[in-house]
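The values are calculated or read from the model by the stated rules, or taken from the named source; none is laboratory data. This structure is a prediction, so every number in the text was calculated from the model and none was measured. FYI the Cβ positions are ideal-geometry reconstructions off the backbone, even for glycines, and counts take in every protein chain you see. With ligands, DNA and RNA removed, areas are computed over all heavy atoms of the protein, side chains included. Shrake-Rupley method; radii C 1.70, N 1.55, O 1.52, S 1.80 Å.
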Amino acid sequence: MPTSAPPPSNYPTRSEDLIGRLNSVLTPYETKLKTLRELKNQIIGNRTKKLAFLKLGAVPSVVSILSSAVAENGGGSNLEFNEPVIIQSAAVIGSFACGLDAGVKAVLDAGAFPLLFGLISHPNEKVVDASARSLKMIYQSKLAPKYDFLVEKNMDFLLSLLNSKNENVTGLGGSIITHSCHTSIEQETLSEAGVIKMLINLLRGSLIQRDASLESLGAIIKENPGVISKFMGPENGRALNVVTELMKDRYPRTRLLACMCLIHIRNASLRYLQDAGIKTKLILILFELIDDPGQVGDEAPFALSSLIAEKEDLQKIAFDSNIVDKLCNHLEKGSFQAKRLQGIFLALADLCSKLEFCRDRFLSLKAFNFLTNVLTHDSPEVRAAACICLKNISRSVKNLSAGHFMNETVITPLVRLLQDTCTSVLIAALGAISNIVVDFTVHKSKFIHCGGVKQLVQLSKSMDSTIRVNAVWALKNLMFLVNSMCKEEILLELSPSMLISLICDPETSVQEQALALVRNLVDGPMDSVEYVFAEEGLLLNAIGRQLQSASKVEVLIQGMYVLSNVASGNELHKEAVMNQLFPPAGSDMQTILIKFLQSTDSRLRTASVWALVNLTLTSPGANIRVMKLQSAGIVCQLKNMVNDPCLDVKLRAKTALGQSMMFGDSSMG
């Protein structure tokens, strides 16, 4: 049977023909109107079609038609066709903008934004409605222009939107607030203008008005106790009761937005929502909303995470409500969209951040296997969330000691993530590794042998200071209580010159972690102390220089603990410490030790006294060191510290003073 030949490559496709009809000046209005409807029907809910028409330049064509129709409509000509064309053009523009940033960009670049805003005051209600709908679609994107509430005419226009009887216009007002209200000044300006009261009144309106009002109320009160106090005040009636009632609304999105409002109130001020019943309802409703198949189900776990983060009481309520089990069961049900999976792992991470029984419960369930599997997920957001969850679960000393995390199933994908191209994944993976390598068992060698140290050292050279500090933090924890063989293996990758570079890093947080790393390196048998004397003592000298020049107290604390550990060694080690703490004869430098012993920070005083305990311990050269301490006024300072308000300082000062007095009359000090 004969078949027809395909059309030549230069023959226009149906889509190209459609755009051609829109662009042609010869196309009658009736045909253009029909073509606009055809285009709208093709792209609604169809991302592929939208992208295809964007490539063909459909948006500039539609905006051009809208602009011409608006101009002619303003002149009063051809109203019968102009207004339907305006309505259809606005609808097509809104469809392109709906859920597609590329569409929003095309709409903005084509100049549709001011045209649509101008139509909000059009006498035809259908034109107003179509324009408001399209603007709402645009304002759902981060690409939409920010609205300046501080300009008086802008505020007047916003208030007129919120006062409109058209639900899509009031919804537009809410969308503008949600998109553009981010600073406390903007929140307070809107509050002072009476916007909160207007939004509360709209909570009793249509579904569109309720949802827009709840979302914009959330933006206005978020992290602002002052505005929340006004929201809860008597002038707004029983606003809290209205929002609380909406948690039980029949529509899932309304329930979610009501929950979010209450979470903002709870997070900004602990004075409100103390009732355990409301807390439990919030947790259970948010969990139920995760079952929603759409956007609500994707957003619900993030709301749950926001509710329980850093709040032990709410985490306990969630545990008692079996939320750990329920979330883990969700994971076993099957595949999810990446965003929902990310949210569930973040919620589980928050649940396991403080309470040991939450961690135990999670580890007892099959979900732990699922967690390790998603470390290789396609989505970087999911990989990062899984790492954060693993980090919080591995905070358990009991489970670390049992070696639950130091196995190939966990370590291999984590080490691979140290080469991830996404910064947030790298930082999250480093956080998880920092906890896991604290492992108190012999399993640390597994991490070393799979190339983990090499990757950490490489990341410690990163241009990103956050990556550097997290990489050094992980190396520090890996060095904690490690045996000599593992130390040698680590130092094959981490040279003394590299350590010196980290100690002298421009970022003080990196300096602190690098010094803590060296502190762990020299901790242990006396042989460990020798590591700081490598390359003619350059590493020890670098530590001494930091103690002379650093201003951040945490850097000084770690530096003093390094010297304290070195001072626990032999006579040569103790003498080297004395040389760092006391300037050579004839130098105009003052000893830093007096300043540290008089610090207002008890942690620095404790670290400094520990060094003195080790320096005054009975040994062949102790007498000479004590005489030097006496002449520098250190022994006198120790006498003043035996009544220090910090118990640690008091006990160590008494020990150091007692050891000093064994070498003669210390009253000379």
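Of everything in region 289-328 that's hydroxyl-bearing (S, T, Y) and open to solvent by less than 30 Å² (accessible area, probe 1.4 Å), which residue is modelled with the highest pLDDT? Applying the filter and picking the extreme gives S305.
Give region 620-655 a look and list any residue that's over 50 Å from the mean Cα position of the chain (by Cα) and either of a type in the set (A, V, I, L, M) or on the phi > 0 side of the Ramachandran plot (or both), or say none. Selection gives A622, I624, V626, M627.
Check whether at least one residue in region 138-161 is surrounded by 14 or more Cβ atoms within 10 Å (Cβ to Cβ) and among the β-branched types (V, I, T), and report yes or no. Scanning region 138-161, I find at least one residue that is surrounded by 14 or more Cβ atoms within 10 Å (Cβ to Cβ) and among the β-branched types (V, I, T), so the answer is yes. Without any contact (Cβ under 8 Å) to a residue 12 or more places away in the chain, open to solvent by 40 Å² or more (accessible area, probe 1.4 Å) and among the β-branched types (V, I, T), is that true of T600? Yes, satisfied.
For I177, the criteria (1) within 12 Å of S213 (Cα to Cα); (2) in contact with a Cys (Cβ under 9 Å, 6 or more places away or on another chain); (3) not hydroxyl-bearing (S, T, Y) hold in every case but one, which is (2).
Here L257, L262, L286 are screened, and the one residue that is in a helix (DSSP H, G or I), under 23 Å from the mean Cα position of the chain (by Cα) and closer than 20 Å to L327 by Cα is L286.
I'd like to verify a number: residues in region 373-396 that are of a type in the set (D, E), surrounded by 17 or more Cβ atoms within 10 Å (Cβ to Cβ) and in a loop (DSSP other than H, G, I, E, B), how many?
Keep residues of region 373-396 that are of a type in the set (D, E), which gives 378, 381.
Narrowing further to those that are surrounded by 17 or more Cβ atoms within 10 Å (Cβ to Cβ): 381.
Those still in the list that are in a loop (DSSP other than H, G, I, E, B) too: none.
The qualifying residues number 0.
When every residue of region 479-495 is checked against the conditions, none turns out to be under 25 Å from T616 (Cβ atoms), open to solvent by 10 Å² or more (accessible area, probe 1.4 Å), outside any loop (DSSP other than H, G, I, E, B) and not small (G, A, S).
If the condition is being closer than 17 Å to N565 by Cα and either modelled with pLDDT of 95 or more or touching a Pro at 6+ places or on another chain (Cβ under 7 Å) (or both), then region 504-523 contributes E512, Q513, A514, L515, A516, L517, V518, R519, N520, L521, V522.
Restricting the search to region 342-369, which residues are of a type in the set (A, V, I, L, M) and open to solvent by less than 10 Å² (accessible area, probe 1.4 Å)? Break it down stepwise before answering.
Taking region 342-369 and keeping what is of a type in the set (A, V, I, L, M), we get 344, 346-349, 351, 355, 363, 365, 367.
Scanning region 342-369 gives I344, A347, L348, A349, L351, A367.
Out of G633, G658, I need the residue that is exposed (fewer than 15 other Cβ atoms within 10 Å of the Cβ) and in contact with a helix residue (DSSP H, G or I) (Cβ under 7 Å, 6 or more places away or on another chain). Which one?
On the way: G658 fails: in contact with a helix residue (DSSP H, G or I) (Cβ under 7 Å, 6 or more places away or on another chain).
Criteria check complete, one pass: G633.
If you check L286, L214, L256 for being modelled with pLDDT of 95 or more and touching a Ser or Thr at 6+ places or on another chain (Cβ under 8 Å), only one passes: L214.
Residues that are assigned to a helix (DSSP H, G or I), out of contact with any Cys (no Cβ under 9 Å at 6 or more places or on another chain) and under 23 Å from L51 (Cβ atoms): does region 118-129 have at least one? No, that holds for no residue. Of all residues in region 496-526, those satisfying the criterion of being assigned to a loop (DSSP other than H, G, I, E, B) and not β-branched (V, I, T) are C504, D505, P506, E507, D523, G524, P525. If you go through region 175-232 and keep only what is closer than 16 Å to H264 by Cβ, open to solvent by 30 Å² or more (accessible area, probe 1.4 Å) and either over 23 Å from the mean Cα position of the chain (by Cα) or not hydroxyl-bearing (S, T, Y) (or both), you end up with H182, E188, E215, K222, E223, P225, G226, S229, K230, M232.
Filtering region 44-57 to residues that are under 17 Å from N23 (Cβ atoms) and either touching a residue at least 40 places away in the same chain (Cβ under 8 Å) or of a type in the set (F, W, Y) (or both) leaves F53, L54, L56. Of all residues being of a type in the set (D, E, K, R) and at pLDDT 90 or above in region 267-283, which is most open to solvent (accessible area, probe 1.4 Å)? Just the residue, please. Looking at the filtered set, the residue picked out is K281. For region 22-41, the set of residues classified as assigned to a helix (DSSP H, G or I) and surrounded by fewer than 18 Cβ atoms within 10 Å (Cβ to Cβ) consists of N23, Y29, E30, T31, K34, R37, E38, N41, listed by residue number.
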